[in-house]
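For reference, the structure discussed in these notes is given below.
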Amino acid sequence: MASSITQRATGVALYGGSVLLVAWLVAGALGDGAYDFVTGLLGSPFGLFVLVGFTWAQMFHMCKGILHLIWDSGHFIGKEQALLANWGVYGLSIAFTALIWAVGLSVAG
């Protein structure tokens, strides 16, 4: 049940993150002042927290979608298997988020 609720919540969070992405793109089109403002806001500690959360929401939503495809094929549909698979979704989404940010921060310097 918690995994299903988290799936819906991450779907809503992806809408909010899409607004941030559009704001960043529009700011880039408007010029240096607007772009510097938005990147400064997103580069703040709170902005980075939001971006990490957005990344996790994307990874969770993706992993859960893949799990649904696996369930549609008839695998891992037993109660214990489904519970284990859902815990795996949480673990993989956290691991993928950490990997993405580790690679991103190492490339950024």
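Taken together, the values in this text are just the output of simple stated rules run on the coordinates, not laboratory data. Computed from a predicted model, the values in this text were never measured in an experiment. Cβ coordinates were reconstructed from backbone atoms using ideal geometry, including for glycine residues, and neighbour counts include every protein chain displayed.
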For L84 and M62, calculate 0.36 nm times their separation in residues minus their Cα-Cα distance, and state this gained length in nm to one decimal.
6.2 nm
Suppose the chain between M1 and L42 were pulled fully straight at 0.36 nm per residue; how much longer would it get relative to their current alpha carbon spacing?
11.5 nm
With label points built 7 Å along Cα→Cβ from the Cα atoms of D72 and V12, find their separation and express it in nm.
2.5 nm
If we sort 87-94, 59-66 on the protection proxy, mean other Cβ atoms within 10 Å, highest first, what's the order?
59-66, 87-94
